[in-house]
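All of the numbers you see were taken from the coordinates with simple rules; none came from a lab. Note that the structure is predicted; figures quoted are calculated from it, not measured. Note that each Cβ is placed from the backbone with ideal geometry, even for glycine, and that neighbours are counted across all protein chains shown.
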Amino acid sequence: MADFVVECRSEPRCAAVPVRFGRPGRMREVVDIVDRWDGEDHRYFRVRGDDGSTYILRQDLADASWRVQFYHREGGGR
């Protein structure tokens, strides 16, 4: 996803925790981190955005890049 940005804060348990994400001019606030887990080469966060939707954000541990792995809009649909 071109120009996709994730703004993070540091936390003792994890190097980076997402607090905002999206494209410039269309950023979403993270209102809740529902779950988080580590894969072999990636770190995942299931978050609820300020739009009420659920997102899974994936961070590539090799280059620290981010992408939206999954999106579920509140009220149905993807």
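Distance between the 7 Å Cα→Cβ label points at residue 23 and residue 62: 2.6 nm.
Set the Cα radius of gyration of the range 5-72 against 2.2 N^0.38 Å, with N its number of residues, and you get 1.01. Within the listed set 22, 39, 49, the residue fluctuating most in the Gaussian network model of the chain (springs between alpha-carbon atoms under 10 angstrom) is 39. Loop-located GluC sites (Glu not before Pro) across the range 1-51 with a Cβ neighbour count of 12 or fewer within 10 Å are 40, with loop assigned by DSSP. Remark: 44, 71 ranked as 71, 44, counting other beta-carbon atoms within 10 Å and listing the fewest first.
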